[in-house]
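The values are calculated or read from the model by the stated rules, or taken from the named source; none is laboratory data. All figures in this text were calculated on a predicted structure; none of them were measured in a lab. Note that each Cβ is placed from the backbone with ideal geometry, even for glycine, and that neighbours are counted across all protein chains shown. What goes into the accessible areas is simple: the full protein's heavy atoms, side chains included, and nothing from ligands, DNA or RNA. Shrake-Rupley method; radii C 1.70, N 1.55, O 1.52, S 1.80 Å.
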Amino acid sequence: MILLNNSHKLLALYKSLARSIPESLKVYGSVYHINHGNPFNMEVLVDSWPEYQMVIIRPQKQEMTDDMDSYTNVYHMFSKEPQKSQEVLENCEIINWKQRLQIQGLQESLGEGIRAAALSKSVKVEHSTAVLLVTEDILKLNASSKSKFGSWAETGHPDDDFESETPNFKYAQLAVSYSGLVNDNWKRGQNERSLRFIKRCIEDLPAACMLGPEGVPVSWVTMDPSCEVGMAYSMEKYRRAGNMARVMVRYMKYLRQKNIPFYLSVREENEYSRRFVGQLGFFEASCEWHQWICYPQNLVPF
């Protein structure tokens, strides 16, 4: 694999990946952040250049110092030939199989190569899926090969009526001081490693909230290093009042104004959330969201 660290090559890769949306969205979003300051210190590996078949995004070595930190030890993958992924993944220089880690991608066909490579390293794998949800404008990148968000079509966007503020409620940037609140209410979190990850996301990436009458967030949303929108939550006392809808509409408008791509995933059984985001202009993509959690046999499962 080749380390791609030239800014011109990374921009060319970013534009090229647009032609493979939605399957490439995980790496497309990661390359976006790498091209805009690289706040999570990630690096890009390709099997060849300028023609490539596989792209792997991983944290730089100095980031992956905690073998138990699966929030940091995350690899985002896209391949034009997923069936050939095994031989690449078995290379110890690409993935540190001695750590707890996650591999995320939007191609189910990557799974066979991931499982085979993990088995060869005596690594256990847990696979989970979710529904990938996108907006019409991001799919237009595929057709146009344009990568500038500001050029996306203004179609299918949610009604601006949601933006009207309610007395005693105020839309605001989510402050890092509320990382603990987000962590306590994130099902995948609620531990010290997840808290560190959340703090970085709020500090370095777009995050928004609705402040309630007491000046404390009652609804919020964040973004991860691959441009996936997540950790969205409303405090039980303030649910079904339109707060999350108002946050999401303002948040999406901000992302569009800043030319930041975005998408999200929802568990298939979560029918309420799927209907809710559908009202905001999201719809199910042609591929699914996939996560392979990997851990050596000598480490306790997640």
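So the values come out like this:
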| read-out | value |
| --- | --- |
| Protein accessible area in the chain, 1.4 Å probe - carbon and sulfur % | 47 percent |
| For the range 5-16, 3J(HN,Hα) per residue [Karplus equation, 6.51 cos²θ - 1.76 cosθ + 1.60, θ = phi - 60°, Hz, x = Gly/Pro] | 10, 8, 4, 5, 5, 5, 5, 5, 5, 4, 5, 5 |
| Over the chain: helical MRE at 222 nm, DSSP H runs n ≥ 4 each giving -39500 (n - 2.57), nearest 500 | -8500 deg cm²/dmol |
| 17 Å Cα-Cα reach of residue 170 towards lysines, excluding residues that sit fewer than 8 places from it in its own chain | 237, 253 |
| Backbone HN-Hα couplings from phi across the range 194-199 [Karplus 6.51/-1.76/1.60, Hz, Gly and Pro as x] | 5, 5, 4, 5, 4, 4 |
| For the chain: Kirkwood Rh in Å [reciprocal of mean 1/r, alpha carbons] | 19.9 Å |
| Label-point separation in nm, residue 108 to residue 49, each point 7 Å along Cα→Cβ | 3.4 nm |
| Estimated distance in nm for a label pair at residue 286 and residue 237, the labels positioned 7 Å out from Cα along Cα-to-Cβ | 4.7 nm |
| Additional length obtainable on full extension of the chain from residue 140 to residue 66, 0.36 nm per residue less Cα span | 22.7 nm |
| Accessible area (Å², 1.4 Å probe, nearest 10) - residue 81 | 60 Å² |
| Long-range HN-HN contacts of residue 263 with modeled amide H, under 5 Å | 229 |
| In Hz, Karplus ³J(HN,Hα) per residue of the range 70-76 (6.51, -1.76, 1.60; θ = phi - 60°; x = Gly, Pro) | 6, 7, 8, 7, 10, 10, 10 |
| 1.4 Å probe accessible area per residue over the chain, in Å² | 47 Å² |
| Anchor residue 9: lysines whose Cα lies under 29 Å away (excluding residues fewer than 8 positions away in-chain) | 26, 61, 80, 84, 140, 146, 148, 258 |
| Nonlocal amide H pairs with residue 43, under 5 Å, H built at 1.01 Å | 58, 60 |
| Relative intensity, log₁₀ I(q)/I(0), of the range 168-257 from a Debye sum that treats every alpha carbon as a point, q = 0.11, 0.20, 0.24 Å⁻¹ | -0.26, -0.90, -1.27 |
